[in-house]
Every structure is written in C-alpha cells, then in structure tokens.
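Structure first, then comments.
The values are calculated or read from the model by the stated rules, or taken from the named source; none is laboratory data. Here the structure is a predicted model, which is why all the values come from computation and not from measurement. A quick note on method: Cβ atoms are made from the backbone with ideal geometry, for glycine too, and the neighbour counts reach across all protein chains shown.
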Amino acid sequence: MQPTNVPHSGYASDITRTFPANGSFSPEQATLYNALLSVQKHLITLCTEASGMSILQIHRESCTMLRRELERIGFNFPLGAGTLDTLYPHLVGHPVGIDLHESNQSERDARLKEGMVVTIEPGVYVPPFSEFPRAFHNIGIRIEVSSLQGSESYAHPCVEPSRNRPPFQDEVLVGKNHPIVLSVNAPKEIADIEGSCQGLLGLSPF
C-alpha cells in the first residue's frame, strides 16, 4: 500500500493506492479488489449535500455493502457483527483540510455540505483465520479517495498488493448533487494499476 500526502497551497491531501509487487494481480487479489472497488464507487456517489448523509452514515452503508460483496465471493459471517469488524477495522473516511485529518466526533455525525473535501477509503484485510476462505488469507485492500462535493462524479480508488495487501483511497469534493473525485488521475482500475506497474501508461504507482 502506498499512502500519499502532498500539501498544496497550505491544504493537505490524502490518497492511497495498492499495487501488486510483481506487476500483476493474482486471481484472488483481483476478486477481492474488484469487490471493494464496487463498494467504493457506490460510496462516492453518496458524497453530496443532497444525500443528507454524514460520514458515519456512509460508514454504515459501507459495512452493509462490503458484507454483501464478501458474501458474494464466498465469505460467511456466522460469528455475528464482530466478524466484519475484524476484516474492516477502521472508519470509511474523514474530512481533509488544513490538517490531514480534519476530524472529530461531531464532524463525523454532521451532514456533508457542498465544498467539503472528504476521503472515501473502505478496506478489507483478511487474516489467516479458519473462518475466512483460505484463498484470501493475508490479502488486504484499502481504496482511499478524497472527494469534493461538486458537479460531476468520478470514481477512483487505489490498490497496492505489496505483502499481499491491496488498499486504495481517493479524495472527493462534496457537491450539491454530484461529487468530484480530486484524485481522478491516479490509476485505480486493475488494468490501469497493472499497466502503470509495467510502465505501459507512462505513469508510476508510487
């Protein structure tokens, strides 16, 4: 996983990408990555003032969607709510501003407003426990994007399967009715991640 935090004009940024150490995703890494990417893309669409949602509400939605996606690819959750907490132990995102984490409890509960910038960074980290499918053991993924609430919607997570861990994170600008992904130029789709790793796009995942 490669987190990147570059200041611009006094403001922070927060983007993460996960990339395969050998330049290509294994079938299991790709399956888990695409499941998480699907969740992240949906969550980005909620980053609008019109949605009336807070970061905590988006987090709850991320838990519901991630559980559904994991069940689709073979995970079971017989142990109750705590099982998902093991796989997804952090909040879905936070505001970004002068500080990297412009976040406190009241802000997490507050509804998103146009002009805010937030990160959307769901993740899944599979420990080698018997209750989880063996094929996914020791694979971790986080997709982080910062989002500004603006006029158009783009989705853009990041993945880095170094040590079999794939995470991604984007920055999103909250808009009135549509979000704008500020990190849209950072590769996020599997083909683009692999292409950048292999030097095919004139880009670097680092």
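The set of residues in region 8-37 being surrounded by fewer than 22 Cβ atoms within 10 Å (Cβ to Cβ) and either among the β-branched types (Val, Ile, Thr) or at pLDDT below 80 (or both) consists of 8, 9, 10, 11, 12, 13, 31. Just one of the listed residues (92, 39) is part of a loop (DSSP other than H, G, I, E, B), of a type outside the set (Gly, Ala, Ser), at negative phi and in contact with a helix residue (DSSP H, G or I) (Cβ under 8 Å, 6 or more places away or on another chain), and it is 92. Each residue in region 54-75 was checked for being farther than 21 Å from residue 172 by Cα and in contact (Cβ under 8 Å) with a residue 12 or more places away in the chain, and 7 pass. Only one of the listed residues (115, 150, 175) is at pLDDT below 70, closer than 16 Å to residue 49 by Cβ and among the small types (Gly, Ala, Ser). That residue is 150.
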